[in-house]
Amino acid sequence: MIKTIKPVTKGIIYAILSAMTLLFVAPILIILINSFKGKLYISQNLFAMINSENFAGVSNYVLGFTRMNFLASFSTSLFITVCSTLLIILLCSMTSWYLVRVKNKMTSVLYYMFVFAMIVPFQMVMFTMSWMSNRLSLGNPVGILLLYAGFGASMSVFILTGFIKSIPLDIEEAAIIDGCNPLQTFFRVVFPVMKPTVITVAILNAMWIWNDYLLPLLVLDSKYSTLPIAIQKIFTGSYGGKDMGGLMAMLVLSIIPIIIFYLAAQKHIIEGVVAGAVKG
């Protein structure tokens, strides 16, 4: 029989959770507040609340939007994020299914190679990767999709294989008896069952790719800029000077899409984790 939690213990738990929530939300609130303040006031007191003296209205947003050509950078980031995420889902889900259902030495070696890739720091491969991408002309929004698919494969395959192991083999055998070939079995039977975990993988990769700064900086040609790169370039002036007002405003605009995406799909993350925990 499970004992009820005492009121004192419950209060301590709520206090700890509230403090942790505030710790994670505080940076976003600081950026939001400072996006409406004049840049001089931001430098003087970053944590001051908005008042009649430091309030700059939406001028930071208007200036930043026009100065950095926000729509062009937003379109580049959106294209790279959406296409990379879809490519990762397609390739990794099929790879995971193959690794689980075809059991031999080769698939075992491949699986442990994916697992090993998870612990390899990006810094170990970034110079070689940058050199190879230049040789293969991958410095464009289409070419970088292959790099993201490669770097996102290890974690995605690890998560998806864990879930596929819990899917009963009987439903696949029934589909084969009904005349489905391997591709039809996967896309009509297996993939729909994987939906919660696939969405979880999609969210994790989309948040990483959208916010990524280093890989596009190393690979993309100078004429292409994702939002993180464009914000850094436009609002960092000579001698280390920064337009903090415009910087904060564009940071707010850049994080709004990924926050909306996460809030809209967060229930699927819980479904994916629970499904993987209780099946099998």
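The values are calculated or read from the model by the stated rules, or taken from the named source; none is laboratory data. All values derive from a computational prediction rather than experimental measurement. Note: ideal-geometry Cβ built from the backbone for every residue, glycine included; neighbour counts use all protein chains shown.
The residues listed here are Phe127, Phe151, Phe122; of these, the one that is touching a residue at least 40 places away in the same chain (Cβ under 8 Å), surrounded by fewer than 13 Cβ atoms within 10 Å (Cβ to Cβ) and aromatic (Phe, Trp, Tyr) is Phe122.
Residues of region 134-152 that are over 19 Å from Ser77 (Cα atoms) and either touching a Leu at 6+ places or on another chain (Cβ under 7 Å) or of a type in the set (Val, Ile, Thr) (or both): none at all.
The residue pairs whose first member lies in region 188-212 and is under 27 Å from Thr226 (Cβ atoms) and touching a residue at least 12 places away in the same chain (Cβ under 8 Å), whose second member is part of a helix (DSSP H, G or I) and of a type in the set (Asp, Glu), and whose beta carbons are closer than 9 Å, counting only pairs six or more residues apart or on different chains, are Ile199/Glu271; Thr200/Glu271.
Being part of a loop (DSSP other than H, G, I, E, B) and either at pLDDT below 90 or farther than 20 Å from Phe114 by Cα (or both) is a property that Gly179 has. Might you let me know whether region 6-28 holds any residue that is of a type outside the set (Ser, Thr, Tyr), buried (at least 18 other Cβ atoms within 10 Å of the Cβ) and more than 24 Å from the chain's Cα centre (by Cα)? So far as region 6-28 goes, no, none of its residues is of a type outside the set (Ser, Thr, Tyr), buried (at least 18 other Cβ atoms within 10 Å of the Cβ) and more than 24 Å from the chain's Cα centre (by Cα).
Applying the condition of being more than 17 Å from Phe70 (Cβ to Cβ) and touching a Ser or Thr at 6+ places or on another chain (Cβ under 7 Å) to region 245-272 and asking which residue is modelled with the highest pLDDT yields His268. Can you confirm whether region 44-55 contains a residue that is surrounded by 11 or more Cβ atoms within 10 Å (Cβ to Cβ) and either aromatic (Phe, Trp, Tyr) or touching a residue at least 24 places away in the same chain (Cβ under 8 Å) (or both)? Checked region 44-55: at least one residue is surrounded by 11 or more Cβ atoms within 10 Å (Cβ to Cβ) and either aromatic (Phe, Trp, Tyr) or touching a residue at least 24 places away in the same chain (Cβ under 8 Å) (or both).
Yes/no matrix, rows are residues, columns are (1) in contact with a strand residue (DSSP E or B) (Cβ under 7 Å, 6 or more places away or on another chain); (2) closer than 30 Å to Ile256 by Cα; (3) not basic (Lys, Arg):
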residue: Phe79; (1), (2), (3): no, yes, yes
residue: Cys83; (1), (2), (3): no, yes, yes
residue: Arg101; (1), (2), (3): no, no, no
residue: Ala117; (1), (2), (3): no, no, yes
residue: Thr128; (1), (2), (3): no, no, yes
residue: Met132; (1), (2), (3): no, no, yes
residue: Leu136; (1), (2), (3): no, no, yes
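No other residue among Val142, Val100 is in contact (Cβ under 8 Å) with a residue 60 or more places away in the chain and either closer than 30 Å to Arg188 by Cβ or among the hydroxyl-bearing types (Ser, Thr, Tyr) (or both) apart from Val100. The set of residues from region 196-249 being among the aromatic types (Phe, Trp, Tyr) and surrounded by 21 or more Cβ atoms within 10 Å (Cβ to Cβ) comprises Trp210, Phe235.
Across region 29-43, which residue is surrounded by the most Cβ atoms within 10 Å (Cβ to Cβ) among those that are modelled with pLDDT of 85 or more and part of a helix (DSSP H, G or I)? Checking each candidate, the answer is Asn34. All of Leu63, Leu91, Leu71 fail the test of being closer than 28 Å to Lys223 by Cα, touching a residue at least 24 places away in the same chain (Cβ under 8 Å) and surrounded by fewer than 19 Cβ atoms within 10 Å (Cβ to Cβ), apart from Leu63.
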